[in-house]
Amino acid sequence: MSKRRKKAVPAPAPETVRTTDAFSNPLFRLGFGSQSPLESTDYPMTRMTDNYALLNSLYRSSWLAQNVIGIIPDDMTKKWFTLGGVGPDHLRRLEQAQRRTLLRDRINTGLKWGRLYGGAAGILLIRGQEGMLDQPLDLETVLPGTFAGMYIVDRWCGITPDVELVADMADPDFGLPAYYQVNSPEGGIVARVHHSRVIRFTGRELPYLEKLAEMYWGESEVEALYQDVVKHDNVSANMAALTFRANIDTMEVESLDQLFSVGSGAMQRRFWNAMQAQSVMRSNFGMQLVNKGDQIKNTQYTFTGLQEVYDSMCHDLSGASRIPVTKLFGRSPGGLNATGESDLRNYYDYISTLRESVLRPILERVLPVLCMSAWGMVPDDLDIIFPSLWEPSAKEMAEIVEKKAVAIRDTFQAGLLAADTAQKELKKLSDETGIFSTITDEEIASNAGKTYMSLHEMRDPLAGLMYEE
């Protein structure tokens, strides 16, 4: 007989155990799951960036919102940029083309609307290519003098991304919309524009799913600090309202409660007429007439601690906007011996970061078109240089020049640099300090390969014999 095999019984599935590794103290109502005010805090998804009417109202009515939106773009474009390795004549023609097309102002406007609405765009305008907006931009087709600047539109009133995305991984716009529809104020579609002709200005960057919710745009700068703006405005309004209660006069009137409760309407009207006359007398002549036995008391209030509360609101808003209090509110630095220099240095470091991460990609898209229009060619070694935002004082500048010039001189005298190299290093200081800019290329070429020792021997022929001995 064959033995029947017993059917294998599967092992029971392990019991699912839910781990709770959060802090909790129900007795004192602290931590996770407790009935404490902190545990009742919630952060609902509001997406205030989509509230176009609220953003417009804030920008039009709140100077704080205007400062938050405008200060950083103004500082990003304040010193603009310079180009390395370009001759004076080419620079002059390029600057003329920028002034003619208002390029600096257009980029500044695009940055502002991008920060306010979370997204804006600049359409590159090229004369003769009005009917080619849906085609990729070819620099070879940009003729001299044809660049007409940029047309700035925000995400709500002018441009809509298409559903097709850029699939070329070598393209800077990889993963972003390949085409954009430019709309008229009435809502109709004016043109379909290829992404190579569009300069994007976005607000704060968002995670991928939130970027999809915003149609590949960013978040408005106002959304992240809206609550701080509300707190600041309410605190300042309450402080202004309290000033009306800083000086109160109190007059004791006998049987006033009976007058209001059982007195006739005529008696009450006569009382109010008497009080109105008293007010007129006091306003015009500073006199107060009362019955014998009536008393008037003056109470003055001092509101201590309000300044600290208001300063706290200002510092919160400054931190949320990443703008120092001295620039955001136009206030002088507070505290003994405070200059605000460290705050400005940190702020300028942040602006320098934005110029590299935000402004440089924009300029690298616009400058080739501008160069083709101004010069008819694009140099291979086109180098964008952002001048320093921090301007040292005359004393600090003199110390910088002295230390750097002495370092170059000592290195040259030690025989580690040739004379022409030392002159090149000195001339390079002119970009930073404005000194040694008159050293000509001919002077540098005449000292090519010469060392400190050879120049010293040329001035004193006996110096070489002395060194040999």
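The values are calculated or read from the model by the stated rules, or taken from the named source; none is laboratory data. Only a predicted model underlies this, so the values are computations on that prediction, with no experimental measurement involved. FYI the Cβ positions are ideal-geometry reconstructions off the backbone, even for glycines, and counts take in every protein chain you see. Quick note on the areas: whole protein, heavy atoms, side chains included, nothing else; ligands and nucleic acids left out. Shrake-Rupley method; radii C 1.70, N 1.55, O 1.52, S 1.80 Å.
So what's the range 336-456 giving for Rg/Rh, alpha carbon basis, Kirkwood Rh from the mean inverse pair distance?
1.09
Taking the protein heavy atoms of the chain in the context of the full set of protein chains, the accessible area attributed to carbon and sulfur is 55 percent at 1.4 Å. Kirkwood Rh over Cα pairs of the chain into Stokes-Einstein at 20 °C, 1.002 mPa s: D in µm²/s? The estimated diffusion coefficient comes to 71 µm²/s. Which GluC sites (Glu not before Pro) in the range 210-254 pass both tests, a DSSP loop state and at most 11 other beta-carbon atoms within 10 Å? Hits after loop and neighbour filter: 254. Qualifying chymotrypsin sites (Phe, Trp or Tyr not before Pro) in the range 338-375, where qualification requires a DSSP coil assignment and no more than 11 other C-beta atoms within 10 Å, are lacking entirely. The Cα center of the range 88-105 and the Cα center of the range 173-197 differ in position by 27 Å. Mean sequence separation of contacting Cα pairs (under 8 Å, at least six apart), scaled by the length of the chain, corresponds to a relative contact order of 16 percent. Dividing the summed -39500 (n - 2.57) terms of all DSSP H runs of n ≥ 4 by the residue count of the chain sets its mean residue ellipticity at 222 nm at -14000 deg cm²/dmol.
Rounded, prolate or oblate: which fits the range 85-166 when a ≥ b ≥ c are the square roots of the eigenvalues of the alpha-carbon gyration tensor, with rounded for a/c under 1.5 and prolate only if a/b beats b/c?
Values: a/c = 2.41, a/b = 1.39, b/c = 1.73.
Oblate.
All alpha carbon pair distances within the range 162-308 were sorted into 5 Å bins beginning at 0; the resulting P(r) in whole percents reads 2, 6, 9, 10, 9, 7, 6, 5, 5, 4, 4, 4, 6, 7, 6, 5, 3, 1, 0. Per residue, the accessible area of the chain comes to 64 Å², computed with a 1.4 Å probe over protein heavy atoms only. Quote the relative contact order of the range 18-174 in percent (integer), defining contacts as alpha-carbon pairs under 8 Å separated by 6+ residues. 17 percent. Look at the alpha carbon pairs under 8 Å that are at least 6 residues apart: their mean separation over the length of the range 153-300 gives a relative contact order of 15 percent.
Relative to the longest principal axis of the Cα atoms of the chain, the long axis of helix 221-242 makes an angle of roughly 40 degrees. Ranking 381, 173 by solvent-accessible area of protein heavy atoms (1.4 Å probe, all protein chains present), from largest to smallest, gives 381, 173. For the chain, the longest principal axis of the Cα atoms and the long axis of helix 265-285 meet at an angle of about 40 degrees.
Phi angles of the range 377-391 translate, via the Karplus equation with coefficients 6.51, -1.76, 1.60 and θ = phi - 60°, into HN-Hα couplings of 7, 10, x, 5, 9, 5, 10, 8, 10, 9, x, 5, 7, 7, 9 Hz per residue; Gly and Pro are given as x.
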